[in-house]
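Notes for the one structure printed next.
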Amino acid sequence: MFSFSEALWVLLLGSLLGLELIGKVPPTLHTPLMSGANAISGITMLAALTLIIKAGGNNYLLLMGSLALGFALFNVIGGFLVTDRMLAMFSRKTNRARGKRS
């Protein structure tokens, strides 16, 4: 079972690594990167669910797993919405007016 300080270190190092990686991406690639990040957020959701299950009676780990699950779910939903909007920009105008995508 993880201690609170170990889980906090993983969260801190993961956040710093993510910030460093995203900061190096040119703005033209942010939308396709967000679409690809849905898969990574899906893995994060599985890890958060595992942490919640393995937390046992540790309320700190339960809280951290719940927060991770919430943020990952928010990222997945936002990624799908942005991807849908991006794909709608490339559809034909006649299909957009009808609400269909080609």
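The values are calculated or read from the model by the stated rules, or taken from the named source; none is laboratory data. What you see is a predicted model, and the numbers here were worked out from it, not measured in a lab. Cβ atoms come from the backbone with ideal geometry, glycine included; neighbour counts cover every protein chain shown.
In the set Thr83, Thr50, only one residue is of a type in the set (S, T, N, Q), modelled with pLDDT under 85, surrounded by fewer than 18 Cβ atoms within 10 Å (Cβ to Cβ) and more than 19 Å from Gly18 (Cα to Cα); that residue is Thr83.
Okay, residues lined up against (1) of a type in the set (S, T, N, Q); (2) closer than 17 Å to Gly79 by Cα; (3) surrounded by 13 or more Cβ atoms within 10 Å (Cβ to Cβ); (4) within 17 Å of the chain's Cα centre (by Cα):
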position	(1), (2), (3), (4)
Pro27	no, yes, no, no
Leu33	no, yes, yes, yes
Ala39	no, yes, no, yes
Tyr60	no, no, yes, no
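Condition check for Leu19 on (1) touching a Leu at 6+ places or on another chain (Cβ under 9 Å); (2) surrounded by fewer than 12 Cβ atoms within 10 Å (Cβ to Cβ): one failure, at (1).
Results for (1) of a type in the set (A, V, I, L, M, F, W, C); (2) touching a strand residue (DSSP E or B) at 6+ places or on another chain (Cβ under 8 Å); (3) within 30 Å of Met86 (Cα to Cα), shown as yes or no for each residue.
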residue: Ala7; (1), (2), (3): yes, no, no
residue: Gly18; (1), (2), (3): no, no, yes
residue: Gly36; (1), (2), (3): no, no, yes
residue: Ala47; (1), (2), (3): yes, no, yes
